[in-house]
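What follows is one structure encoded as structure tokens, with my remarks underneath.
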Amino acid sequence: MQWHEAVSELRARKLELARLDPRGGMPIRPPAGASDRDIVSVERRLGRPLPPSYRELLASQDGWPRFFLGASLLGTLPLSRGTFVDIARMVLEDGDLVAAAAPTGRPTYVPFGIDAKAETIFAWDLTALRPDGELGIVVLTNEVAMHVDDFPSFLELCVDMVCAEIDDRRALTRRGVGAARSVPAERRSRAA
């Protein structure tokens, strides 16, 4: 699956999940694409080109608020400022996931997604560069780390996880758990 297809699929599944469980909120529409100048600024700050798929994503939408698991995909402004690099590095180091830096003294992981509490982090693995320019990715959530080959694979993982959550919500509804929550507490106590 190409990243464009995965983004469309993820948007559709997130909307489906929001319809099943509106307490999580409706998906937020991503902002308009970034300018080439802003994208170049990010690459200058990183000292290397962005992975081609993420570069294309930024050109079509400059980040994605509340993308997945409460984490947002970072747009050009936070990426070019390095806003979350130190926070992500502390969390990754604290979990003994990565060393502080490569032998060159440069970071080996650069975050491109994070939630407000730094419990979920998506980061490029600068040591996992593929010939096509894509980078490996580490997904850290609730102190569990997963590694994927590239951004399209990361998006597919997110689609799979949202689909699993949809299946869980439907199973709860079929068992009546969802219906029990919608009955006011006073009516439930009278019925018991």
Among the residues of segment 98-117, the number that are assigned to a loop (DSSP other than H, G, I, E, B) and modelled with pLDDT of 85 or more is 3
Looking at segment 69-97, which of its residues are at pLDDT 85 or above, buried (at least 20 other Cβ atoms within 10 Å of the Cβ) and within 23 Å of A145 (Cβ to Cβ)?
-> A71, S72, L73, L74, L79
When residues of segment 20-55 are filtered for being of a type in the set (S, T, Y) and farther than 30 Å from D167 by Cα, how many remain?
-> 2
Can you name every residue in segment 1-16 that is of a type in the set (A, V, I, L, M, F, W, C) and either more than 21 Å from E156 (Cα to Cα) or surrounded by fewer than 17 Cβ atoms within 10 Å (Cβ to Cβ) (or both)?
-> M1, A12, L15
Filter result (in a helix (DSSP H, G or I) and either within 18 Å of R55 (Cβ to Cβ) or in contact (Cβ under 8 Å) with a residue 24 or more places away in the chain (or both)) within segment 138-161 | F151, P152, S153, F154, L155, E156, C158, V159, M161
Tally the residues that are touching a residue at least 24 places away in the same chain (Cβ under 8 Å), closer than 17 Å to F67 by Cβ and in a helix (DSSP H, G or I), restricting the search to segment 5-51.
-> 8
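The values are calculated or read from the model by the stated rules, or taken from the named source; none is laboratory data. All of these numbers come straight from a predicted model, not from anything done at the bench. Virtual Cβ from ideal backbone geometry, glycine too; neighbours counted across all protein chains shown.
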